Every structure is written in C-alpha cells, then in structure tokens.
Amino acid sequence: MKTLALVLLLFATQDLKVPDAAQFVGAPKGTPVSGEQLFRETNRIGGLLRCPVCQGMAIADSPSEMAVNMKGQVRELLARGYTEEQILKYFELSYGQFVLLKPKFEGVTGMVWILPVAALAIGLVIVFVKLRKLEAPRTTNNQPPTTEDDPYVSRVRDLVSGGKS
Amino acid sequence: MNRTVLIVGFIIAAALLGVLFLGLGKNPAEIRTPLIGKPAPAFALREVGTGQTIDLAQFKGKPVIINFWATWCGPCWEEHPVLVANARTLQPNVQFLGVVFQDTEEKILGFLQQRGSSYPTVVDQAGKTAIAYGIGGVPETYFVDANGIIRAKYSGPMSSDILQENLRKAMTP
C-alpha cells in the first residue's frame, strides 16, 4: 500500500516544475554545505532577508508560512552550492530591494547611508562656524569696551557735569 | 548665518515635501516589481481536480493572467467572481490561470465547486513559484504578454475595470 502511494506520488510529481534559481542567478558558484553549517548559514542568511508578510521581521525570526517557505528555499540553495551573494540576488530579483534588510549602497538607497553622515557633517560645520564667531570678539579686541566713543554715555556725562557746575 | 540656516531648512523641507508628494501620488496596489519587463518564471504545476500538469509555456502566444490566491484569504473571495466572469468573456484569446499556495487541495476543490470556476487552478505545494514571483500576500495578479514577458502586477482584489486596465498593458505590443 505504501509502495503504491509512493508510485502515485512519483507519477503525480514527475512532470512538475517550479521556477529554479538558475533561471535568475545561473549555476551555483560556491560549494554545497550540509549538517550544522547548513543550519547556521540558513539562519544567518535568513536574518538578512525581510519576511514580506510580517512587520519588519527577518525570515529567520518569523513563524509565518511564507517565511518558513523562504527559509526552506535558502536552505535548499545553500545545499546546492549557491553563495550568499547569489541567494540574496535571487530574492532581490523576485521581491526587489525591499526584501533586503540591509539596504544596498547604490542608487537612491545609497542616500540611506549617505544622508545621516552628511547631516552630521553639516551639523558639525555649523557648530564649528558658530563657535568661531562667538570667540571672534575676544581674539580681535582684547580691551574691554570703553565709554569714550559712546555718544549716549558722553551725553549723560555732559549732562551730569553740567548739572554740577 | 540666519539666511544660510533659512536656505538649508528650505532645501530640506522641499526635499521632504517632494518625497511625500511622490509617495502619496502612487497607487499602493500597483506594486513596482523588478519582474516587470522580464520573462515570467517558468513553472509546470498540478491542476486541482484533474491532476493534470499545466505548464505556463503551453499558453505562449496569448496573454496570460496569473492570479495567486488562497481559500483562507477574504479578498480572494471578493475577487473570484470578477475573475470567473472576465475569463468567460475573454478566453480563449486571453488565458486565466489560478495559482494557489499555502492551502489544501480539498479546500480549493470545495471552494471552486461552491463558487464556480472558468479557468484552470494549479497548486504551488512548497510555495516556490510564489517566491519566484515575489508574492507577499494574496491576491496578487501578474499580467503576462503573448511573448511570456511580465507587463503588470496588481496587489489586492481587482474590479473588472482594474483587470481590464492591467490587461491592456499585456495586450499592447
């Protein structure tokens, strides 16, 4: 009975074909991994891929069926000798850069990396210029301000001295 | 200094407004997928009910509407009559194909018997076809032209108008 079921299953699946990673990223460029290393690598690469049906979760952390399927796909590709770069590329070609939890340093997404550094640099420049300006009066004029040239003080002085005389 | 701060502030505000404007102007259901303009990933899956293998390649020469769905998905129930009605009028010039994943064949059969069907439905057992097509949720629909090139993708339940509008993209040479 078991044999019959197996034969039927083989018969039912023999003509089936699912999209293969080779269609997207070519032949494997690495060496197949197995055992404990396969488990570790699957989790590591799974941590770099976003689960498309979860809120900002990696497929390695999500219990959803979609994430489990995607993780299974990562495991299979690693076992076939696909490299990390090829696996990430495969998912990126299907889902777009959205699926990568770490944005790539290219195009518009490069701004994600550049803008914070640029904002920090601009802020530092503004602070530096402001500090220089605050220090400027002390360095250019070491003498305390006198009242000699102040017309208001002179007028008050004249009035006071005029009143005395 | 105050003037410089004002100019820098204005530039930042203008950039943010520009990004907001671009984002708000988009239809979230019309997903930008890297697969647009690329050949539809090849697959051959088992048809629900008959057990026959249906190969996407056998439909080359006419536009194909590939609808990813599941029986547990509420919006798919809403969309199903639209697909069935359009398939009745557009086939055989346009091929409709349902791809079900994360589901059981028994439930799919029950759904189709109860709610009707006018086009083949295949089962994607391990979800590999869905992954290759970048499916994030269901329903999601791909519009493939007669040469097997993906021309449009729509996420969410479609009305007849939306279906026709996207199909036009797959009809134009």
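FYI, it's all coordinate maths here, none of it is from the lab. Owing to the predicted nature of the structure, the values given are computational and were not obtained by experimental measurement. As a convention, Cβ positions derive from the backbone with ideal geometry for all residues, glycine included, and neighbour counts pool all protein chains shown.
Couple of notes before you dig in:
- Neighbour counts of C-beta atoms inside 10 Å place B:7, B:149, A:45, B:135 in the sequence B:7, B:149, A:45, B:135, starting with the fewest.
- The alpha-carbon atoms of the protein assembly as shown, seen along their principal axes, cover 130, 52, 35 angstrom, with the largest extent given first.
- Relative contact order, percent, segment B:56-130 [alpha-carbon distance under 8 Å, six or more residues apart]: 36 percent
- Residue order, fewest to most beta carbons within 10 Å, for A:105, B:143: A:105, B:143
- Magnitude of the charge dipole for chain B, about its Cα centre and with charges confined to Cβ atoms of Lys, Arg (+1) and Asp, Glu (-1), is about 580 debye.
- Over 27 Å between alpha carbons, listed pairs A:17/A:104; A:104/B:60; A:17/A:89; A:104/B:153; A:71/B:60: A:17/A:104; A:104/B:60; A:71/B:60
- Residue exposure sequence - A:124, B:90, B:56, A:38 - by fewest surrounding Cβ within 10 Å: A:124, A:38, B:90, B:56
- Over chain B, relative contact order from alpha-carbon pairs under 8 Å, at least 6 apart, %: 29 percent
- A helix-only calculation puts chain B at -12500 deg cm²/dmol for mean residue ellipticity at 222 nm, using -39500 (n - 2.57) for each DSSP H run of at least four residues, averaged over all residues.
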